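Here is the structure we will look at.
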Amino acid sequence: MEQTYDVTIIGAGPGGYVAAIRAAQLGLKVALVEKEHLGGVCINYGCIPTKALLRNAEVISLLGRGKEFGFSITGLEVDFGAAVDRSRQIARRLTKGVASLMRKNGIEVIEGTGTLRSPNEVKVALNMGGTRTLETRNIIIATGGQARTIPGITPDGERVLTYREAILLRELPASAIIVGAGPIGMEFAHLWRTYGAEVTVVEMLPHVLPLEDEKVSAEVERAFKRRKVRLLTSTRVQGVETTADSVRVNVAGEKGEQVLEAERTLIAIGVRPYSENLGLEEIGVRVERGTIVVDGYLRTNVHGVYAIGDVTGKLPLAHVASAQGIVAAETIAGAETRKIALDYEAMPRCTYCQPQVASFGLTKPQAVERGYEVKEGEFPFRPNGKALGLGDRDGFVKIVADATTGEILGAHLVGPEVTELLPELVLAHNWELTPEEIACTVHAHPTLSEVLMEAAHGVFGKAIHK
């Protein structure tokens with residue numbers, strides 16, 4: 001038995017390491033247990049390397065439009081492997097940055113696999129061999145998630161991939177079948193197609209990005225079809241067969257059964273909580289369908305044990321895990337400084353394909369179903385001067401508001417850099433601003449953000465440039 005920690009955190013992803021920093025800032029003695037890489041999936045295999053690769057895709061796409069912008073390029077060669085190498089360098093740089101933050105904040109990082117022995121004990125199987133038992137007053141479980149797979153189909157890492165193998169793949173597949181049209185699937189479809197791969201996306205629901213506003217999904221579908229990405233919606237995967245040099249995917253949809261063949265298949269149907277083999281059941285932590293049950297302050301049913309991030313099943317996004325980590329740390333320290341409780345419906349949701357998609361809150365049908373009388377304001381990017389100058393004019397901003405109170409119930413954006421535009425609308429919602437107050441706020445010209453102002457005017461039928 002060693003020194004006692006105020007809090008021991010299992011998992012050093014964007015939830016765990018942020019919780020560790022906030023706890024240390026509040027004067028707590030912190031141990032952070034991580035079996036693999038600081039920064040977790042987000043920095044090493046998810047958010048960060050994908051965005052680095054998507055930047056490469058953006059540059060290639062722009063160079064391919066030389067005639068529109070008045071230049072020509074001959075003999076352009078692109079190196080997909082070099083792009084992957086660049087993404088790995090960025091991931092390593094950020095991982096080193098997290099390690100530096102741990103040292104700066106006096107957080108002890110323990111490399112190994114942690115399991116709960118009791119509400120006050122964590123046993124760590126050390127990566128270098130042997131074990132340590134940590135005595136702790138509180139525990140935060142931040143073990144994240146792992147790729148969800150289709151029953152009966154086991155990814156082999158060679159022909160049948162998950163995001164983890166796909167992000168490390170230095171050789172561009174000549175052809176690929178992507179199963180799942182959520183953010184992961186659509187981002188890889190955009191990336192691989194931009195580099196020249198033949199891409200087919202299979203989605204069992206009627207639209208790509210099925211959790212988004214239907215009109216947003218339709219806009220994305222049109223853009224992908226223009227780029228010759230084959231989209232098979234309302235289509236189920238029935239089986240996968242691999243050969244020495246290809247993979248065959250049996251699907252059934254509106255056109256009946258068919259066999260798709262490609263060089264590789266990516267299974268991108270989401271993530272599931274990583275809650276196995278943690279000792280949860282042994283100490284009585286309540287788990288339902290693999291997710292750890294928590295209250296609004298991320299407390300489990302066992303005193304002193306907290307859970308954050310994907311393992312809670314709330315919303316599997318890095319920024320949600322970070323926000324939860326801060327709440328958990330502040331709750332443990334008795335310093336609940338957040339003025340607004342976490343509202344998972346109001347969390348930003350972003351997809352970084354082209355066109356980008358960003359949203360929060362309710363769609364109009366969802367709001368009507370809850371009994372709201374709804375007004376919508378919608379404005380396209382097409383008349384926006386900045387969008388025209390960028391040569392990226394497709395898409396729109398839609399604001400869903402309560403017709404009686406003016407409360408912003410949701411926002412749905414598709415188009416250029418909308419992932420950067422969304423926070424203004426989330427902030428307005430959280431602080432109970434109305435579309436009228438957004439409309440009355442002067443937005444700089446020319447900027448893409450003017451479309452937010454126009455959409456706010458549009459709630460009242462008074463958009464200026466429409």
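The values are calculated or read from the model by the stated rules, or taken from the named source; none is laboratory data. Quick caveat: nothing in here was measured; it's all calculated off a predicted structure. When we count neighbours, we look across all protein chains shown, and the Cβ atoms used for this are built from the backbone with ideal geometry, even at glycine. Side chains are part of the model used for accessible areas, which takes the heavy atoms of the whole protein and leaves out ligands, DNA and RNA. Shrake-Rupley method; radii C 1.70, N 1.55, O 1.52, S 1.80 Å.
Observations on the model:
- Test: V426 is in contact with a helix residue (DSSP H, G or I) (Cβ under 7 Å, 6 or more places away or on another chain) and buried (at least 22 other Cβ atoms within 10 Å of the Cβ): no
- Here P151 clears all of (1) open to solvent by 50 Å² or more (accessible area, probe 1.4 Å); (2) touching a His at 6+ places or on another chain (Cβ under 9 Å) except the condition numbered (2).
- Pairs meeting the criteria (first residue in region 215-231 and small (G, A, S), second residue at pLDDT 95 or above, beta carbons under 8 Å, at least 6 apart or on different chains) are S217/H207; S217/V208; S217/L209; S217/P210; A218/H207; A223/Q354; A223/P355; A223/D394.
- Pair list, Cβ under 9 Å, 6 or more apart: region 339-356 residue under 13 Å from L317 (Cβ atoms) and in a strand (DSSP E or B), other residue charged (D, E, K, R) and modelled with pLDDT of 95 or more: R349/E212; T351/E187; T351/E212
- Pick from region 264-283, criterion open to solvent by 40 Å² or more (accessible area, probe 1.4 Å) and assigned to a loop (DSSP other than H, G, I, E, B), ranking: nearest to M186 (Cα to Cα): I269
- Residues in region 241-252 that are free of Cβ contacts under 8 Å to residues at least 40 places away in the same chain and in a strand (DSSP E or B) were compared, and the one that is nearest to G152 (Cα to Cα) is E241.
- Exactly one residue among E219, E241, E212 is touching a helix residue (DSSP H, G or I) at 6+ places or on another chain (Cβ under 9 Å) and not hydrophobic (A, V, I, L, M, F, W, C), and that residue is E212.
To keep it simple, each residue is scored yes or no on (1) open to solvent by 20 Å² or more (accessible area, probe 1.4 Å); (2) among the aromatic types (F, W, Y).
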site	(1), (2)
Y5	no, yes
A19	no, no
R22	yes, no
G46	no, no
V59	yes, no
S72	yes, no
G81	no, no
R88	yes, no
M102	no, no
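- Considering region 212-234, the residues that are among the polar types (S, T, N, Q) and surrounded by fewer than 20 Cβ atoms within 10 Å (Cβ to Cβ) include one that is nearest to Y195 (Cα to Cα), namely T233.
- Residues in region 183-211 that are over 14 Å from T235 (Cα atoms), part of a loop (DSSP other than H, G, I, E, B) and open to solvent by 20 Å² or more (accessible area, probe 1.4 Å): Y195, G196, L211.
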